[in-house]
Amino acid sequence: MRTIKIIGPAYPYRGGIATTNERLTREFASMGFEVELETFILQYPSFLFPGKTQYNMKKVPEDLKIRRTINSVNPFNWVKVGKRIGGEKPDLVIIRYWMPFLAPCLGTIAGIVRKNKHTIIICLADNIVPHEHRPGDRLLTNYFIQRIDGLIAMSKSVLTDAGSFRKDLTLGYCPHPIFDTYGDRLTFEAAKSKLKLDPNTRYLLFFGFIRDYKGLDLLISAFSDERLRKYPVKLLVAGEYYSSPEPYLTLIKELHLEEWIELRTDFIPDEEVNLYFSAADMVVQPYKSATQSGVTQIGYHFNKPMLVTNVGGLSEIIPDGVIGYVVEPESGAIADALVDFYEHERMTEFETNIVEEKKKFSWSNMVQTFTAVYNQAKAKVNEKKLE
């Protein structure tokens, strides 16, 4: 395996998936592979995109080879792109898969590329069964799954989901590596100053796009617990609404928490991520459903204690009571953990343990997983040729 093509979001698109693809490209390149990113000229029609903009305002990453060629809604484009990539004969094509809407596009491209009898197609899957279900999801995902040679999941729940579609699919598991692209940790004082936060207040951080399945309502309810009022702590919500803000704003008002919750609900650019994590005592992910989350791996990078709920793959990478908490997705359980964190002053203990725990989540491990899955899938393809 020498030449690699990664298909999925990349510059100028924003978000954690694009950031992961770019970081993975750099890791492959550092190991001597020839690697190129193939991204979209149209990712989502604007009426399907829940945020304010799909695009990143940062500078062009000049160290990466990025082609913008794929139109997610134009079948003629899929055929054209598939034939071109197939003709280029990369040894490996990695396709990032996270939602069924893209299955026709990505599946068609994969199916055409495989016809060259050389390229191995491996999916890097964020989700197989989406958090927010829609009719036809399984049918669309099945179309895609039938046209790849292997799949790598970043949580065991996704691995199980993938196996339910195809028993003969070569599978691999690698936890999401640490996001180490967001700069250095600052002191609490420096970060709060830059964010214009109260220097005498401590902060718990909810970070990332706000969607219903992420359970911000559970966290708001938990934060109304009167036991927390004796600590100088506020909830810092940092991220853009991807669902209606009204239920959250109404809940804050009903619980009289306006004084205790700081809302920063615009998109957080990459260059400000370190400020929010540096200002926080702990990162809280009160998800109602999940597979894995890049937010935990940002937290690891900044040595931050974390609270996650016991859903999907979140508990796989946060050892309970070692670097944070794993609790049931209930406001009472979340509140109990928050109180324990401050009442027993757990922060120093958890941060010390994180330094050792984070060593498990390296980008080189992900490259090794791709190599192993590639070799297994290639062997299967060669066996079929001999039949």
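In table form, for the structure just shown:
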quantity: Qualifying positions in segment 344-367 - part of a helix (DSSP H, G or I) and either touching a residue at least 60 places away in the same chain (Cβ under 8 Å) or of a type in the set (F, W, Y) (or both); calculated: M347, F350, K358, K360, W363, S364, N365, M366, V367
quantity: Some residue of segment 265-285 being touching a residue at least 60 places away in the same chain (Cβ under 8 Å), at positive phi, crowded, with 19+ Cβ neighbours inside 10 Å and assigned to a loop (DSSP other than H, G, I, E, B); calculated: no
quantity: Odd one out for A379 among (1) modelled with pLDDT of 95 or more; (2) assigned to a helix (DSSP H, G or I); (3) of a type in the set (A, V, I, L, M); calculated: (1)
quantity: Of all residues in segment 302-335 being part of a helix (DSSP H, G or I) and at pLDDT 95 or above, the one that is surrounded by the most Cβ atoms within 10 Å (Cβ to Cβ); calculated: I334
quantity: Subset tally (residues that are touching a residue at least 12 places away in the same chain (Cβ under 8 Å) and in a helix (DSSP H, G or I)) for segment 230-259; calculated: 4
quantity: Matching residues in segment 200-255 - criterion: being within 21 Å of the chain's Cα centre (by Cα) and over 23 Å from S289 (Cβ atoms); calculated: L236
quantity: Among residues of segment 112-152, those that are assigned to a loop (DSSP other than H, G, I, E, B) and either on the phi > 0 side of the Ramachandran plot or within 21 Å of the chain's Cα centre (by Cα) (or both), counted; calculated: 11
quantity: Residue that is farthest from M154 (Cα to Cα) [pool: residues in segment 8-21 that are surrounded by fewer than 21 Cβ atoms within 10 Å (Cβ to Cβ) and either under 13 Å from the mean Cα position of the chain (by Cα) or without any contact (Cβ under 8 Å) to a residue 40 or more places away in the chain (or both)]; calculated: R14
quantity: Among the candidates L204, L228, L216, residue that is under 17 Å from I298 (Cβ atoms), in the same structural domain as T250 (by TED's automatic domain parsing) and surrounded by 15 or more Cβ atoms within 10 Å (Cβ to Cβ); calculated: L204
quantity: Answer residue from segment 71-97, given it is in a helix (DSSP H, G or I) and touching a residue at least 60 places away in the same chain (Cβ under 8 Å) and is surrounded by the fewest Cβ atoms within 10 Å (Cβ to Cβ) among those; calculated: E88
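Conditions tested, residue by residue: (1) outside any loop (DSSP other than H, G, I, E, B); (2) over 19 Å from Q368 (Cβ atoms); (3) touching a His at 6+ places or on another chain (Cβ under 6 Å).
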residue	(1), (2), (3)
L159	yes, no, no
R166	no, yes, no
L171	yes, no, no
H176	no, no, no
D180	no, no, yes
L186	no, yes, no
A190	yes, yes, no
L205	yes, yes, no
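Yes or no, residue by residue, for (1) in contact with a strand residue (DSSP E or B) (Cβ under 6 Å, 6 or more places away or on another chain); (2) among the aromatic types (F, W, Y):
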{"position": "D180", "(1), (2)": "no, no"}
{"position": "F188", "(1), (2)": "no, yes"}
{"position": "K192", "(1), (2)": "no, no"}
{"position": "L195", "(1), (2)": "no, no"}
{"position": "F206", "(1), (2)": "yes, yes"}
{"position": "G215", "(1), (2)": "no, no"}
{"position": "L218", "(1), (2)": "no, no"}
{"position": "E226", "(1), (2)": "no, no"}
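The values are calculated or read from the model by the stated rules, or taken from the named source; none is laboratory data. Because the structure is predicted, anything quoted here is derived from the model rather than measured. Because the Cβ atoms are built from the backbone with ideal geometry, glycine has one as well, and the counts that use them run over all protein chains shown.
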